[in-house]
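The values are calculated or read from the model by the stated rules, or taken from the named source; none is laboratory data. Keep in mind the model is a prediction, meaning the values are calculated, not measured. Neighbour counts are summed over all protein chains in view; Cβ atoms, including those assigned to glycine, are modelled from backbone coordinates with ideal geometry.
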Amino acid sequence: MRNKTKAAWQEIIDTFIYENLNEAEKAEIAKTLLQKWNNIFDSFVKSYKKNKTLKSGSSFRRIRKYIFHDQLQFLAKTIEHNTTTSSISQEKNTETMAQQNVDDSSNEGDSQID
């Protein structure tokens, strides 16, 4: 996957970089392109998540979509979170949390100043 990504970025960079530039200039343009893409992607993700969790009713406030939101919808499938399963059993997790609550409540009494 990493090689495919690298090859795709190289193709994009080659589209924007002219052959008569030196290596330092090519590297600077490549860095700028990557920064711009990251900026666009981050803005889309922020817009997507805000619009996905819109409230209704009296507390509803219209949120303006990112300018390229509609054009970047193909990215939506890359930001959907997959459900995960815990490697800790529910029973053990409950016991651990109960023990932490007991520890926290016993420490509260110790920290009071007379």
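Restricting to region 13-53, name every residue that is modelled with pLDDT of 85 or more and among the aliphatic types (A, V, I, L, M). Those that are modelled with pLDDT of 85 or more and among the aliphatic types (A, V, I, L, M): 24, 27, 29, 30, 33, 34, 40, 45.
Can you tell me which residue within region 19-53, out of those that are small (Gly, Ala, Ser) and surrounded by 10 or more Cβ atoms within 10 Å (Cβ to Cβ), is farthest from residue 72 (Cα to Cα)? So the residue we want is 27.
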